[in-house]
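In what follows, a structure is listed as structure tokens, so that the remarks can point back to it.
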């Protein structure tokens, strides 16, 4: 099967589209990688302009099918581009580490579609209202993992970080898969985070699908704010990320949690 490079052209103009076509064709000419371009998402979900036989629903279906077949894909989020695979698929998790060249003792977060999904895979010890205040959004919450989560995912720790990106495509993708995605930044380990798909083009040949949601312009490569909530009544900032101030406001001022700096 030859690669498929699907250009769904938005208002950014013909110049970007032509460059994307040339680069996509060059990168994936003899590969099975599919590069699928979304228009910017709307409040009702991903919006695309139909060209040929591919539309937004087909992009979701194609990406979900690749995940279910055990492949790794690249996806846009509300912060940076990410690599995703099924968290419950041990071989896909190992493949993700290999693609990034990531240290096997650096954990992967999981991504789910709805707040209620968190309770299946994490032992939550905060009010649901706190979760609702922070999610969906650019925050990763760390809890004790539950027995339902794949034991081959981060086997060296009893904790797991969970995300619900404020991104319609990602939320619908999780819902279609019916299980959590393992999610990490789309870059070679120790390299800068990426805001456009062409910034990690050296990884394309190792991926089944690259979903191009256009440039992520509202963030500064910081990624999500990562906060440990595994200790009752306390929180610990693991990574400041892009939402530190608003996260502090919710945790300290609204819910009265105290910062744990000793851990």
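Read-outs throughout are calculated quantities, based only on the coordinates presented, and are distinct from any laboratory measurement. Predicted model, so just to flag it, every value in this text is computed and none were measured. Don't worry about glycine lacking a Cβ; one is built from the backbone with ideal geometry, like all the others, and counts go over all protein chains shown.
Odds and ends about this structure:
- Gain on full stretching of the segment that runs from residue 188 to residue 220 - 0.36 nm per residue minus C-alpha separation: 9.7 nm
- The range 200-255 and the range 108-122 have their alpha-carbon centroids 15 Å apart.
- Ascending count of other beta-carbon atoms within 10 Å, so fewest first, for 238, 164, 216, 110: 238, 216, 164, 110
- Compared with the direct C-alpha span, the chain from residue 148 to residue 68 gains 27.0 nm at full extension, assuming 0.36 nm per residue.
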